[in-house]
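Below is one structure, written out as structure tokens, with a few remarks after it.
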Amino acid sequence: MNTTSPASAPAAASGRIVLLTTSHRVAPGLLSWPAWQALRDAGRVLCADGAHPQLPYLREAGIQVDEASPTAEELVEACAGGHTVVVVATGEGEPELTDGLARLAGSGRVSMPELELLPASYDLPGARLLDLVQVMDRIRAECPWSSQQTHKGLAKYGIEEAYELVEAIEDGDRDELREELGDVLLQVVFHARIAEEDPETPFSIDDVAGGIVTKLIHRHPHVFGDATATTPEEVKEHWLRTKATEKQRASVTDGIPLGQPGLALASKLASRVRTAGLDVPLPAGEGIGYELLAMAVRAEAEGVDPEAALRVAARAYRDAVRAAEGVGA
């Protein structure tokens, strides 16, 4: 935002105030070229926070920074005669100073300098994840409950949050979806933070992210390599072929978690069998379990998720129960 006075000559004579903002999510010293130009051209550079992370790098670059927190009136006076003053904003963004400048400008009694807000560094997409890692570090160190948690102790929460995410997706509630995605993300960051403390095989959130990045690139040769895929089916073929090479599994059932819900387990087994082109008859047996297995296999063959289908039916049953009770939906 660049706000200038309607009369260019008086504005030039009144000088220029540059409010320089930076992101704490970007390494200190990595500033934009316009920011460095403004700093080098300034008559004075001020910062109210003597411990601001940018200051050592500015001074290393030969920029003299004075620790000061002038009022709006003092700042306007410092610009008199056409001088430029750069204010390196603190994390709060200098609201008291900017409010004071706005009041002076609105009074009409003061010849105001040119006012410029200059972002010196910008957040990249995903930058707020750094905040999450930092917050998790502090919670792990200082919270009596969080500091005692283990992977096993948190396992049930991972399952609960995953189910709540699925429910938000099925309900179509966007606000709930955003919140539940955050809760699932918390589980990942929490487990990674605990993993850092392992005395034998520690790893961090960076190792987790690095691993999945490598996997995604390797399994998408049609995006990052020379392979070609124009349909979802061809993409799936690439994925399965690459995955098979990576895992070198003895059986198509290897890697299927047996602790997942029964219908989902049956569907996953059926999918692996069908994809591998195996002809495996269903086991003979009596009882509801075998009947459910046959129904799950049939659903998978028809492209239906039996777990999701049963949830839809169960919700309809829930609504019927509430209707019979005279309770609103």
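The values are calculated or read from the model by the stated rules, or taken from the named source; none is laboratory data. What you are looking at is a predicted structure, and each value in this text was computed from that prediction instead of being measured. Ideal geometry is used to build each Cβ from the backbone, glycine not excepted, and the neighbour counts take in all protein chains shown. Ligands, DNA and RNA are stripped out before the accessible areas are found, and what is left, the full protein with its side chains, is counted by its heavy atoms. Shrake-Rupley method; radii C 1.70, N 1.55, O 1.52, S 1.80 Å.
The table below gives the values:
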read-out	value
Set of lysines with alpha-carbon distance to LYS152 below 27 Å, sequence-local pairs under 8 removed	LYS215, LYS247, LYS268
Rounded tilt (10° steps) of 95-107 against the dominant C-alpha axis of the chain	50 degrees
Fraction of accessible area attributable to carbon and sulfur, the chain (%, probe 1.4 Å)	57 percent
With Cα atoms, 0 to 90° folded angle of helix 232-247 axis to the chain main axis	80 degrees
Hz values of 3J(HN,Hα) by residue in segment 279-294 - Karplus curve (6.51, -1.76, 1.60), Gly and Pro given as x	10, 10, x, 5, x, 6, x, 10, x, 5, x, 6, 5, 5, 4, 4
Relative contact order %, the chain, counting alpha carbon pairs below 8 Å whose residues are six or more apart	15 percent
DSSP beta bridge pairing in the chain, given as percent antiparallel to the nearest 5	10 percent
Using alpha-carbon coordinates, inclination of helix 205-218 to the longest axis of the chain, degrees	60 degrees
Under 12 Å from LYS236, Cα to Cα: aspartates and glutamates that are on another chain or at least 8 residues apart	none
Å² per residue, accessible surface of the chain at 1.4 Å	65 Å²
For segment 1-158, size of Cβ-based charge dipole, Lys and Arg +1, Asp and Glu -1, in debye	660 debye
Segment 230-329, relative contact order [Cα under 8 Å, separation at least 6], %	22 percent
Charged-residue dipole, Cβ positions (Lys, Arg, Asp, Glu), segment 32-77 about Cα centre, Debye nearest 20	260 debye
Helix-derived mean residue ellipticity, 222 nm - over the chain, DSSP H n ≥ 4, -39500 (n - 2.57), to 500	-17500 deg cm²/dmol
Dipole magnitude (debye, nearest 20) for the chain, charges at Cβ of Lys, Arg, Asp, Glu	680 debye
Positive-end residue of ALA301, ALA162, VAL87, charge dipole of the chain with Cβ unit charges	ALA301
In segment 18-88, trypsin sites (Lys or Arg not before Pro) in a DSSP loop with at most 16 other beta-carbon atoms within 10 Å	ARG25
